[in-house]
1. I need the full set of residues from the range 71-85 which are crowded, with 18+ Cβ neighbours inside 10 Å and touching a Ser or Thr at 6+ places or on another chain (Cβ under 7 Å), in order please.
2. Do you know which residues across the range 86-100 are more than 20 Å from Gln44 (Cβ to Cβ) and surrounded by 14 or more Cβ atoms within 10 Å (Cβ to Cβ)?
3. Can you name the number of the only condition in (1) within 21 Å of the chain's Cα centre (by Cα); (2) hydrophobic (A, V, I, L, M, F, W, C); (3) closer than 26 Å to Arg182 by Cβ; (4) modelled with pLDDT under 95 that Val77 fails?
4. Those residues that are surrounded by 13 or more Cβ atoms within 10 Å (Cβ to Cβ) and under 14 Å from the mean Cα position of the chain (by Cα), I need them from the range 44-61; list them, please.
5. Can you name the residue in the range 108-128 that is surrounded by 18 or more Cβ atoms within 10 Å (Cβ to Cβ) and under 30 Å from Lys153 (Cα atoms) and, of all such residues, is modelled with the highest pLDDT?
6. Can you list residue pairs whose Cβ atoms sit under 7 Å apart, with the first residue in the range 84-103 being among the aliphatic types (A, V, I, L, M) and the second being in a loop (DSSP other than H, G, I, E, B)? Count only pairs 6 or more apart in sequence or on different chains.
7. Look at the range 129-170 and say how many of its residues are touching a helix residue (DSSP H, G or I) at 6+ places or on another chain (Cβ under 6 Å), more than 21 Å from Tyr82 (Cβ to Cβ) and modelled with pLDDT of 90 or more.
8. Does the range 152-160 contain at least one residue that is within 14 Å of Lys78 (Cα to Cα) and either of a type in the set (S, T, N, Q) or not assigned by TED's automatic domain parsing to the domain that holds Ser56 (or both)?
Amino acid sequence: MSIRQAINNNRGVSTGAAAAVVLVAIGFVVFRVSGLDNPTVPPQDASWFTTDDGKSYFADDLKKVAPFQTADGRTAVKAIVYQCGEGGAPFVNHLERYNPEALKLMQGGGGRPAATQPAGESGAPSYSEYMRTQGGGRDPAMTARYMGVEVKKPGQGEWINRSDVKSLAITTPKCPDGSSARLVAP
């Protein structure tokens, strides 16, 4: 007996099976669209910063480019805050800032990297001029974001570039009790 004959002979079963497949497909789509399969962190509009080498920290606008000057004239850098286990005290794991060259790119007018501004607006070369003379084919904003970041432990040592392999020891949180560290959002 062919498949077509089996379907024709058992119309009720065939219709039920087709309806089940359609319902499963609809359920899958609803599940994926609802986000229940992948809970997401709500969008953040703030980040942690510190002006005292990580002894304390405060929330401020995520779009601020560190280091920056606070209203009271102190220099603020980004503070990366973690918490060990459930209910553990939050702590500043490490500090981040842009190096001077990257800071110039990131502080271009209107929040865009200076190198993407038309020539003359920010004193920086145009994007095409930058790419021709210095960029090596890379987007200067992306280069600044990934290669221009420096990190250090609070109260310790010198700033080192995040692309340096030594930075892993700085940026990897370690909990004294061996529990997992969880990033704390403002």
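1. Matches in the range 71-85: Ala76, Val77, Lys78, Ala79, Cys84.
2. Gly88, Asn99, listed by residue number.
3. Tallying (1) within 21 Å of the chain's Cα centre (by Cα); (2) hydrophobic (A, V, I, L, M, F, W, C); (3) closer than 26 Å to Arg182 by Cβ; (4) modelled with pLDDT under 95, Val77 fails exactly one: (4).
4. Matches in the range 44-61: Ala46, Ser47, Trp48.
5. Per the criteria, the residue is Gly108.
6. Val92/Gly54; Val92/Tyr57; Val92/Pro154; Leu95/Gly54; Leu95/Pro154; Ala102/Gly148; Leu103/Val65
7. 0
8. Scanning the range 152-160 turns up no residue that is within 14 Å of Lys78 (Cα to Cα) and either of a type in the set (S, T, N, Q) or not assigned by TED's automatic domain parsing to the domain that holds Ser56 (or both).
The values are calculated or read from the model by the stated rules, or taken from the named source; none is laboratory data. Everything quoted here is computed from the prediction, not taken from an experiment. Glycine gets a Cβ as well: all are built from the backbone with ideal geometry, and neighbour counts include every protein chain shown.
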